[in-house]
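Any read-out appearing in this document is the output of simple, stated calculations on the displayed coordinates, not a laboratory observation. On a predicted model such as this, the values are computed, not experimentally measured, just so you know. Quick reminder, even Gly has a Cβ in these numbers, built from the backbone with ideal geometry, and neighbours come from all protein chains shown.
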Amino acid sequence: MSKLRVLAASLLLVACMSAGAWASGELNAYSIMPEKYASQVFEAFTAETGIKVNFMRFSSGEALARVIAEKNNPQVDVILGGPADTYEAGIEEDVFEPYRPAGADAIPAKFRSKDDYWTGIGIIPLVFLTNADFLKEKGLEPPTSWNDLLDPAYKDGLQMADTRTSGTATERIYSLVKIMGEDEAFEYQKKLHQNIQMYTKSGAGGAMPIATGQCASGIFYIVDALDIQQQGYPVVLSYPVEGVSYGIEGSGILKGAKNMENARKYMDWVSSKSFAQFIVDRKINYIPTRDDVEVTNPALDLSKVKLIEVDVAWKGEKRKEYVDRWINEVIK
Amino acid sequence: MNQRSAVSAFKRDPALLSALAAIWLSLAVFVLYPVVRLFLVTFVVEGRLSFDNIGALLGNWYDRQAFFNSLGLAAAVSVSGTALGYMYAFAVTRLPVPSWLKWFLGAVTTLPLISPPFTSSIALTLSLGPKGILLRLFGVQSFNFYGFWGTWMSETLTYFPVSFMTLAAVLAAVDPNLEDAGLSLGASPGRVFRTVTFPLSIPGIANSLLLLFAASLADFATPLVLAGHSFPVLPTQAYLLITGLYDLRGGASLSFLLLLPALAVYILQRAWIGKKSYVTVSGKAGGRSQFKSKGRLAEGAILGGCLALTLFILYLYSIILWGAMVKVWGVDNTLTSENFRYVFTHGRNAIADTLYIAAVVTPIGGLLAVLIGYIAQRRRFFGNRVMEFLSLLNYALPGTVVGIAYIIAFNEKPLLLTGTMTILVAAYMFRYNAAGIRAVIASLHQIDSSIEEASASLGASAGRTFFRVTTPLVIPAVIMGMRYLFIHCMTAISATIFLVSVRWNLLTTRILECMTELQFAQACAFSVVLIMIVFGATALMAGLTRLAARRISGEGGRG
């Protein structure tokens, strides 16, 4: 009998435990930037300001789903990284707090939200990533045109991201639409689909299979492609002559942030010159949005790459339409 | 026991009433309430009830295809997984194999269960995917791994140990005297199996089919990695809608479609095993005899099958171990301890948090399983069916949906739980206790209630009878359930990926992070550490199960 009571009491106890108070002098963050980069960024931030950072890493979709669900009781103060169109989608859901960081003037307006909901901290163009052994075996040159990927030699050899989950994949569609026009872009993708082995859920998901030779080639953000190359795998990076669009990595403060003062300090810091210099020095493969920092990695030298300008608001507007069209026309 | 005697039982035992109240309260708060909140978000559009969301789904060819794919996959996995599980359970409980071999078979089969599903998916892809090691070895040119086949293989490998654990507990409780009786009356071993052993294991088989069907129906991690675009399934579709298109309503509506088949299977299972008597522990039997030979050929085939599958599993996991120990998999095969150093520095907090949560959930979950199983099977209270159904509901729902429902439900006062450990503990306890509850119910099916009635007629209270008679008899089933619960605390991801917070992080989330960030070696190292931890803990609990089973057959049989 008494054992049953103890049991009932302990069940209730578990049911009633609740959140402890948040300590001060802290910053809580979700990072869409990969963990190995985010840990360095936040370490440097703590070293500079003495503010302790708790963070977790999520893909852009997961992070956004979380902050929307947590809207009434935000668990974090800021988001680090992630494509600008994710932030635009978040603005629709009213989850961001506008703030214009101290260093904003040195960042071109096209890399910032027009109402200061987010600030761009780096840009990442798309790039082709191809297995070097595959090229040698087939006697091919690295692809230098979007049409090169339609070559039957790549049959069942392409892995790239699924548009439903990945910002990398929607970026691919934006590039194609800007290069070819809307209908032609989807015609092209239908042809490309013949060579697809698998659409991966995350933008970087296909890079490892390419590295290990499980498949031949794919289209990625440069940050993921360079990363796999730096790990020592036999891969080649190349750009199409028709050009590529690029993603803007943003950062922003959540509405109702519990450490608002620290969140603002953080935004000032990621917009500063010392931060831009920091990511260059640490070989974190984003190209700084500030133009007063020199990029040293030759792989990030984009002077020979044709970059296509795409308006972020347009991306946010078109995203759902293009994803629906992709499902119904390309993969059907 | 009818309604009136239930009332008198309450008068005699107020403890029973408070236990019942505690269970109903916790089920209401942690199962019913989140689902209702999610239901409201899904079906209430601008203050009015609306089925527009569901209608839109049924008109969409891709979602319709996902619905039928989910059913087909779940059926295939539940049948193949149960068949493999039965083969193993039969070998371990009925064949004269040396005890070290039993231990070995049992230990290896837990490997797929104690590692997050996406870990074995990687090993399977490297073996059977495009240009896979095994395909090259056997010269197979075209094998479409992505889609149904890969997902089916991976899920069967992941879930058949659940079936093995369920069926081994049931088969171990079937008294071999009954089989001996059949044999000594001149029946062939095959006929005894068909007419005695197999029918007696039907509650376990039904149980296993239900668990596996539900598990496959709700699994999102495996199809996420392996199904690709050509084989959409509902949980993955729901996840993609929620995280990819920020469409919470659409994702929630899709998962409500999942509830229909889950409900259907549950009702089918009740109708199938609810009517027959499977009492084998009656307190009236004599001592146990030795197991008799089942015929050389059949024994050889069963053992051969078990060994082949065991070797295949070992092979898959050696790939993961190798990946954790070398610098760059397949390129630079230099041995290094760098990956493990990473795990114990960057992953230290996640390891500590995960262990702490598992240590809290497991014992409480075990007690809860006994209570719910006992009340549902032995006491005929009003609403028992509803209680049993509720206790299994979170298990049938896709994890992503449970996660989202929890965030919606527990993000405001008075139940402000997001970001705490409690929300993780509750999610695990009410989502993964299904195996434990079903096991308790299945083993209570086999225990004649006259044993408890004897205790009651000798004047013992319901509480005393429960703790002194019923509990010891179901302990193997409870510990089995606790093992399963512990394993899930360590490996589950679908629900908790939404519930982890900057303060409470989990090992599985870290592994998935490493995978999506291409830190393959670190992902392998994390998996190896996780598997070591779970292996140690489950070996301990398996030892306890054996000890308890021995006590029952020793004392219960002769007592």
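Output the DSSP H helices from chain A with an along-axis C-alpha extent of no less than 18 Å and a mean Kyte-Doolittle hydropathy no less than 1.0.
Counting only whole DSSP H runs, the qualifying helices are A:2-16.
Which of rounded, prolate or oblate describes the protein assembly as shown when judged by the alpha-carbon gyration tensor and an a/c cut-off of 1.5?
prolate
So which of A:71/A:178; A:71/A:265; A:71/A:114 end up more than 26 Å apart, counting from Cα to Cα?
Distance filter (> 26 Å) returns A:71/A:178.
Rounded, prolate or oblate: which one fits region A:221-332, using the alpha carbon gyration tensor with axes a ≥ b ≥ c (rounded when a/c is under 1.5, else prolate when a/b beats b/c, else oblate)?
Note, shape of region A:221-332 comes out oblate.
Once the piece of chain linking residue B:131 and residue B:46 is laid out straight, how much longer is it, given 0.36 nm per residue of separation minus the C-alpha distance between them?
Using 0.36 nm per residue and subtracting the Cα-Cα distance, I get 25.3 nm.
Quick one: length gained pulling residue B:297 to residue B:333 fully straight, 0.36 nm per residue minus the C-alpha distance?
8.6 nm
Considering only C-alpha atoms, what is the centroid distance from region B:9-79 to region B:123-190, in Å?
31
Quick one: if the Förster radius is 45 Å, what FRET efficiency do residue B:195 and residue A:26 give, using the C-beta to C-beta distance and rounding to 0.05?
E(calc), rounded to 0.05, equals 0.10.
Between residue B:321 and residue A:141, what is the label-to-label distance in nm when each label sits 7 Å out along the Cα-to-Cβ direction?
4.8
Evaluate the charge dipole of chain A about its Cα centre and quote only its size in Debye, nearest 20, assuming +1 on the Cβ of each Lys and Arg and -1 on the Cβ of each Asp and Glu.
Approximately 960 debye in magnitude.
If you count, for every residue in A:206-214, the Cβ atoms of partner chains within 10 Å of its Cβ, what is the mean?
For this peptide, the per-residue mean of nearby foreign Cβ atoms is 4.
Mind ordering A:60-72, B:89-101 by average Cβ neighbours within 10 Å, highest first?
In descending order of packing, they fall as A:60-72, B:89-101.
Per the helix-only calculation at 222 nm, which mean residue ellipticity applies to the protein assembly as shown, given -39500 (n - 2.57) for every DSSP H run of n ≥ 4 and division by its residues, nearest 500 deg cm²/dmol?
When only DSSP H runs of four or more count, the value is -19000 deg cm²/dmol.
Beta carbons within 10 angstrom, averaged per residue: use that to sort the peptides B:299-305, B:230-236, B:355-361, highest first.
By packing density, highest mean first, the sequence is B:230-236, B:355-361, B:299-305.
Please work out the Cα center distance from region A:157-171 to region B:475-540, rounded to the nearest Å.
If we compute the Cα centre of each part, the gap is 28 Å.
What's the ranking of A:285-293, B:163-171, B:344-352 by average number of surrounding C-beta atoms within 10 Å, highest first?
Order by mean packing, descending: B:163-171, A:285-293, B:344-352.
Just the number, please: Stokes-Einstein D of region B:493-544 in µm²/s, Kirkwood Rh from C-alpha pairs, 20 °C, 1.002 mPa s.
For these conditions, the coefficient is 175 µm²/s.
Within 10 Å of each residue's Cβ, count the other Cβ atoms and sort B:38, B:473 from fewest upward.
The fewest-first ordering by Cβ neighbours comes to B:473, B:38.
Ranked by Cβ crowding within 10 angstrom, fewest neighbours first, how are B:390, B:259 ordered?
Fewest-to-most ranking of B:390, B:259: B:259, B:390.
Given a Förster radius of 35 Å and the C-beta distance between residue B:449 and residue B:412 as r, what FRET efficiency does 1/(1 + (r/R0)^6) yield to the nearest 0.05?
Calculated transfer efficiency: 0.20.
Based on the Cβ-Cβ distance from residue A:301 to residue B:268, what FRET efficiency comes out when R0 is 56 Å, to the nearest 0.05?
0.30
Could you tell me the ratio Rg/Rh of region B:341-443? Both radii from Cα atoms, Rh via Kirkwood.
Dividing the radius of gyration by the Kirkwood radius yields 1.06.
What are the residues whose amide H is under 5 Å from the amide H of residue A:57, where those residues sit 5 or more places off or on another chain and H is modelled from the backbone?
Answer set, sorted by chain and number: A:31.
Compute the label zone of residue A:313 within region A:86-112: residues whose backbone N is under 19 Å from the point 7 Å along Cα-to-Cβ.
Correct set: A:86-100, A:108-112.
Once amide H atoms are placed 1.01 Å from N in the peptide plane, what residues at a sequence separation of 5 or more from residue A:96, or on another chain, have their amide H within under 5 Å of its amide H?
Residues meeting the criterion, in which the H sits 1.01 Å from N, are A:255.
Which Rg and Dmax, in Å, describe the Cα atoms of chain A?
21.9, 80
Over 27 Å between Cα atoms, which of A:138/A:318; A:201/A:255; A:190/A:320; A:255/A:306; A:36/A:138 qualify?
Too far apart for the 27 Å limit: A:138/A:318; A:201/A:255; A:255/A:306; A:36/A:138.
Using the 10 angstrom Cβ neighbour count as an exposure proxy, how do B:239, A:174 rank, fewest first?
If I rank by nearby Cβ atoms, fewest first, I get A:174, B:239.
Between rounded, prolate and oblate, where does chain B land on the alpha carbon gyration tensor, with a ≥ b ≥ c its root eigenvalues, rounded for a/c under 1.5, else prolate if a/b exceeds b/c?
oblate
Membrane-span-like helices in chain B: DSSP H runs reaching 30 Å or more (Cα, own axis), mean Kyte hydropathy at least -0.5?
Membrane-span-like by this rule: B:61-94, B:148-173, B:248-273, B:296-325, B:348-378, B:520-551.
Taking a quarter of the surface of the Cα convex hull of region B:402-460, what do you get in nm²?
6.5
Between residue B:101 and residue B:187, how many nm apart are label points set 7 Å from Cα along the C-beta direction?
Taking the two extended label points, one gets 2.6 nm.
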